Every structure is written in structure tokens, then in C-alpha cells.
Amino acid sequence: MEAKKRDALEAILRRLYEVISFPAGGAPDWEGMRGVFSRWARITRVTPEGVDALELPSFEAMFTEMLDSGFVTSFHEEEISRRVEVFGSVAHVLSVYETKRAPDARSPLSRGINSIQLLWDGVRWAIVSLVWDEGLLLQQDAASGVERMERVYGHHS
């Protein structure tokens, strides 16, 4: 992958975690999210109770309700490892993350893997899909989470 595309991919993935994280009393950077996600993006959260498949405005409304109810008061998520596959103008990223109440918290609240699909428009990457499964939070070493995933199609390179 050419340096321009690689650097832009690094930047948007870093920015994703910046815009969703916020301190107590704050909120996600919704304007920043609109800059990271494409206008037709889907955000899909899988939980033991069901699936929330949302567009950004619906995700914002759901999350704002959690903030208003006090269910969420702060949120910090950081990437700790990733696997990237790029096919021309399409990228698929498996991003292992830790969620904490604050960046300096000693231990994570949870760990998981975000499946992120991006599209290159010739100038920048935009996220077209973000999916994660809260029912499969990793209890193992999160950094090795991607390597331990089952490959059921294709081959490992």
C-alpha cells in the first residue's frame, strides 16, 4: 500500500478512538464522528439481548440517552493491536481494544474486537461499517485476540 493511503488509514483509525472517548461530564465528539464515518455508514452492536444496527444519527440518539440516564458517565477506548487487509479501495481492520473509565485507569472494564470496513475515495478513508460483539468480550490477553480468531474461510498469510 502506498504511503499516502497507509498514513491516512493510520490517522482515521487513531481519530476513531479519539472521537468516541470522553471524560466524566463530557460526550463523544459527534462532529468528529461525522468526519470519520461516511454518510451512509452502519454501526452495529451485537449484545446477548440482540443486535442494534444503526446509522450515525440513531447511534448518537441511543448513546445520548445512555448519557442522560447516567448509565454512561465517561468512556475511554484505545486500540491495542490490529490486523489490516486492504483490497484496492477497500480496507478491513480487526482492531483489538480496551475500554476504561479514563485513560489512566489501571485495569480495563472490557476488551473486544472492532470489525471496521473503510472505503478509499482517492483522497481519504471513510468508515462505512463498524461492528462489534459485546457478548464475546475477550477474557484472554487482548493483544493476541486477533491471532486466536477462528479462520473459517481462506488461508492465513
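Values quoted throughout were computed directly from the atomic coordinates according to the rules given, and no laboratory measurement underlies them. Since we're looking at a predicted model, the values are computed, not measured. Cβ sites come from the backbone with ideal geometry, for glycine too, and all protein chains shown count toward neighbours.
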Cβ-based net charge around Ala24, under 14 Å, with every Lys or Arg adding one and every Asp or Glu removing one: +1
First check a/c for segment 53-92, with a ≥ b ≥ c the square roots of the eigenvalues of its C-alpha gyration tensor; if it is under 1.5, answer rounded, and if not, answer prolate when a/b is larger than b/c or oblate otherwise. oblate
Evaluate the relative contact order of segment 3-135 (contact order divided by residue number), counting alpha-carbon pairs under 8 angstrom at least 6 apart; express in whole percent. 26
The chain: longest stretch without exposed chymotrypsin sites (Phe, Trp or Tyr not before Pro) (DSSP loop, at most 12 other Cβ within 10 Å), sites themselves excluded? 72-152
Hey, any idea what the orientation-averaged projected area of the convex hull of segment 3-135's Cα atoms comes to, in nm²? 8.3
